[in-house]
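So the structure is just underneath, and the comments pick up after that.
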Number of protein chains: 2
Amino acid sequence: MQEPHPTPAPHATPAPATPTTGPAASDLLDLLATTRAIRRLRPDPVTDDELATVLFAATRAPSGSNRQPGRFLVLRDGPRARRAKQLIGEGAQAGWAQKRTTDRYDEGSGTLADSPKARMARTMERFVDTFDQTPVVVLACLARYREPRPTDGASIYPACQNLLLAARAIGLGGVMSMWHVPVEAQLRALLDIPDEVAISATITLGRPEGRHGPVRRRPLHEVVHEEGWGLPAAWAVDPPGTAYTAAGPPTGHTSHPTGQNNPPAGQSDSPKGQVGAPAG
Amino acid sequence: MQEPHPTPAPHATPAPATPTTGPAASDLLDLLATTRAIRRLRPDPVTDDELATVLFAATRAPSGSNRQPGRFLVLRDGPRARRAKQLIGEGAQAGWAQKRTTDRYDEGSGTLADSPKARMARTMERFVDTFDQTPVVVLACLARYREPRPTDGASIYPACQNLLLAARAIGLGGVMSMWHVPVEAQLRALLDIPDEVAISATITLGRPEGRHGPVRRRPLHEVVHEEGWGLPAAWAVDPPGTAYTAAGPPTGHTSHPTGQNNPPAGQSDSPKGQVGAPAG
């Protein structure tokens, strides 16, 4: 089964006259549009088969020159895994406490118990407080073969997205975060992660308490240009019924706000810990 | 329809007792496993609706703190678009010519016309030579709001992967590359791309001449660890029938080869220009 020799070039097969859309196109697009950050997980374990499935999907993603520098360190129930989850959770708790103040989660609508802001704060509070009970944590890593450059992420984050999409497809859920950052040195020591390996993301996985559903984003026309920067694309229209969120730098796509200009919490459906490093 | 106010926290809806896998799970997983780099495109145009579909999917991806810094500059038939494609094509031709020598595409099995290496070389030759005829080029960009950091890609490359997956779902194909790099300064001037906006990827799109199909990667057990770095995960097994490629740093996942240790061409199913900057 193993064929460790060169791969045939793609498309060596005869070309079909017309590419087919396939009957499942709408299902596939729906998957992409409804995979949202899942932070509330049930304690049930994730099976070996499920892990193999999501990691296989992760490794199907492209990488620069197909070098496949992605590595996936899975943390479940072993003693080092448990300690690692504790460590990350402690860092996340400290980071979130800071963000809660900085991003004013307890001001404005945050004082109303059922406001989106207050609900998000409760979700985040629980997420960090129970991080050590997360069924699976995957540290997505990048085995470097050259000096870091800004585009390195092109060889690991597509895999992270595939992992999350596959998880959603089989009834799991998770979120990509940077909560390893505050405790990275301790994590490296605990897990023997070599210096030349970058930790690119902390992905939590498990069975959702809630459910997946349509994500909210900025309107398409705000982020799509055609022909030149800032020029509108008339066709860049969201599907009917799309709901939006005003997250993102508030002053528009050509702005260059500093960290001090962060949008207030609650303008985001995943304000903290989804991807951004928790301590700015 | 537009609701520019805070988004409800995910999972505010009552939790179902059991998450469902859904009837389309196998289709969805198949999509992830068969979306490969498509470099041979037919000249047919991509429609407005198709573009809206793939860009909508792109923008459904997560980003740090849901800030949504991704921007997508679409290049089709306008005068600046045509000039931009020419520019990128010229850079790609020079970059590929260099790589062809450096990575020894014309040595070893590359001298056999039907070898994978020779076929890939032909595909790449054609890709760069006809780059200016690519139906659609999307420059995936990142509107920075803080100083660059290595994990910034977490807020743009998941969107690129969603874009490619959606393209595959509706019968299109493409490849993520870094071919803008050699001509970045000219591109920025031509397209008015602001300094604080990073160009993260050049994605080509169109109707495939060939077809999608199973991608080949390293065996799962080579890139998955559990409990500690380098430790095996017994469950990390590819599905039956999986074909492999030996791409990647040849000395294993804990190695740290330099650029001089690049694997020879032909060990990769997408050796140049898929993601890695063409001139290394």
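For the range A:150-167, backbone phi angles converted through the Karplus equation (6.51, -1.76, 1.60; θ = phi - 60°) give residue-by-residue couplings of x, 8, 4, x, 4, 9, 9, 6, x, 5, 4, 5, 4, 4, 5, 5, 5, 4 Hz, Gly and Pro being listed as x.
What is the distance in Å between the Cα centroid of the range A:127-195 and that of the range B:170-223? The two parts, judged by their Cα centres, are 23 Å apart. Remark: the range A:218-232, residue by residue, has Karplus-estimated 3J(HN,Hα) of 5, x, 4, 5, 7, 10, 10, 10, 9, 6, x, 4, x, 7, x Hz, where x stands for each Gly or Pro and the curve is 6.51 cos²θ - 1.76 cosθ + 1.60 at θ = phi - 60°. Dividing the convex hull volume of the alpha-carbon atoms in the range B:59-112 by its residue count gives 181 Å³ per residue. Each residue of the range B:85-99 was assigned a 3J(HN,Hα) from its phi angle through the Karplus curve 6.51 cos²θ - 1.76 cosθ + 1.60 (θ = phi - 60°); the sequence is 5, 4, 4, 4, x, 5, x, 5, 4, 5, x, 5, 4, 5, 5 Hz, with glycine and proline shown as x. Remark on residue B:71: its backbone amide H falls under 5 Å from those of B:141, B:142, B:143, a criterion applied only to residues 5 or more positions apart or on other chains, H modelled at 1.01 Å from N. Taking Lys and Arg as +1 and Asp and Glu as -1, the other residues whose beta-carbon sits under 11 Å from that of residue A:211 total +3.
Between residue B:94 and residue B:109, the simple spin-label model (points 7 angstrom out along Cα→Cβ) gives 3.3 nm. For the range A:43-188, taking the reciprocal of the average inverse distance between every pair of different Cα atoms yields a Kirkwood hydrodynamic radius of 16.9 Å.
Under a 5 Å amide H cut-off, with hydrogens placed 1.01 Å from N, residue B:206 pairs with B:173 among residues at least 5 apart or on other chains.
Here residue A:99 is the anchor, and the aspartates and glutamates within straight C-alpha reach of less than 16 Å, apart from those fewer than 8 places off in the same chain, are A:90, A:107, A:125, A:129, A:269.
Only the coordinates and a few stated rules stand behind these numbers; no lab work does. Predicted model only: the values in this text are computed from it and were never measured. Here the Cβ is made from the backbone with ideal geometry for all residues, glycine too, and neighbour counts use every protein chain on show.
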